Amino acid sequence: MQSWVPFVPESASTMSWKVDAVYFYLSGVTLFFTLLISAILIFFVIRYRRRTPYEIPRPIAGSHKLETLWTVIPFVIAMTIFGWSAKVYFEQYSPPQNAIEVYVVGKQWMWKIQHSTGQREINELHVPVGKKVKLIMTTEDVIHDFFVPAFRMKTDVVPGKYTTQWFEATKTGTYHLFCAEYCGMNHSGMIGSVVVMETREFDNWLSGNVSSSSPVAAGQQLYQTLGCVSCHGASGEGGRGPSLIGLFGKQTQLVGGQTVRADESYIRESILNPQSKLVDGFGPIMPTFQGQVSEDQLAQLLAYVKSLGGSQNQGAPTPASSPANKPAQPSPSPKAR
Ligand code: CUA
């Protein structure tokens, strides 16, 4: 379970080597300058040692050439580190569209996981090899952090919001899962494993595991029992409340003229604190569901709303927010001057 480089964990995801490359580059730069500076230091100590008692060194007025050199070289090196790591960072934190979605809820002191097909697990996550997997994560209590060293991925799991991360495992096997944020007495025991399986094996595992209803089906059930139907319509078509069909991922016009993208966090907030962002054209009539739904249930409601369709298109302008709807500005005519 160890890589050939000491202290470097095994590599088992498409991101691993990219993170490692930045890390090795940083280590290389550090090592190079440590050796260079030590060597020059030792050389100077010997070369410019005091040779006679009462020796006074020659005064030095400074050197613009030297100062420019030792400013520009570190600047260029720092910018290569910045540019390279920014590229890797954006890749790691922009989840792909076609990923398998898995819901993760942290809790003192365990990881609760639900697959989109309904299977639940605790402290274990089974995934197929070579497939992109996106984790949609939150917590019931304090901040935790989902950390899988072999995948070089680590993201905080924060109360009151969703965070996501994604990976594509490249090797079958069992890998350590840690909580990487101190979260109370049994923090060190909040561990588990990620089991990467061949696709067929994974399908077997899925069918061999008793599946509770899928998050979408459970969400639809909740949608009925919580009474969402009475305002948002029997299948989300809308009524006294805004329509939910095609909502996910869309820019939504709010009271007061602002727009917001209907992402996971917005939908979550609208369930728990409906008054905070009112959709344009609707009154503040929705009750809060704070304290009435668990994190698991929120994830299920979210899965249901997502299943009602919507564009994943980020930041696409909608007719409502396009300048075409605003009164036309009188165009300045050249004669006015
Ligand atoms: Cu959860 Cu530390």
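Read the figures in this text as sums done on the coordinates, not as results from a lab. Computed from a predicted structure; not experimentally measured. Glycine also receives a Cβ, built like all others from the backbone with ideal geometry; neighbour counts cover every protein chain displayed.
General remarks:
- Cα gyration tensor category, rounded, prolate or oblate, for the chain with a/c compared to 1.5: oblate
- 14 Å beta-carbon shell around Trp109, net charge (K/R +1, D/E -1): -2
- The lysines whose alpha-carbon is closer than 23 Å to the alpha-carbon of Lys112, local same-chain residues fewer than 8 away aside, are Lys131, Lys132, Lys134, Lys154, Lys161, Lys306.
- Among Val158, Val45, Val76: highest mean-square fluctuation, GNM of the chain, C-alpha pairs under 10 Å: Val45
- Acute angle (nearest 10 degrees) that the helix 295-307 long axis makes with the longest principal axis of the chain, alpha-carbon atoms: 70
- Estimated [θ] at 222 nm from DSSP helical runs (n ≥ 4, -39500 (n - 2.57)) normalised by residues in the chain, nearest 500: -10500 deg cm²/dmol
- Check: the range 1-124 dipole with +1 on Lys, Arg Cβ and -1 on Asp, Glu Cβ, in debye: 780
- Lys/Arg +1, Asp/Glu -1 at C-beta; the chain dipole; positive extreme among Ala150, Asn123, Tyr23: Tyr23
- Exposure proxy ranking, count of Cβ atoms within 10 Å, fewest first, for Leu244, Leu308, Leu26, Leu272: Leu26, Leu272, Leu308, Leu244
- Remark: relative contact order (the chain) = 14 percent; criterion is Cα-Cα distance under 8 angstrom and separation of 6 or more residues.
- Ascending count of other beta-carbon atoms within 10 Å, so fewest first, for His232, His64: His64, His232
- In loop segments of the range 223-274 as defined by DSSP, the trypsin sites (Lys or Arg not before Pro) with at most 16 further C-beta atoms inside 10 Å of their C-beta are Arg240.
- Helix 16-47 and the longest principal axis of the C-alpha atoms of the chain enclose an angle of approximately 20°.
- Ordering Trp109, Trp70 by the number of other Cβ atoms within 10 Å of each residue's own Cβ, fewest first, gives Trp70, Trp109.
- Options Tyr266, Phe32, Ile73, ranked by Cα towards positive dipole end of the chain, top entry (Cβ charges): Ile73
- Percent RCO, i.e. relative contact order, over the range 1-121, from Cα pairs under 8 Å lying at least 6 residues apart: 15
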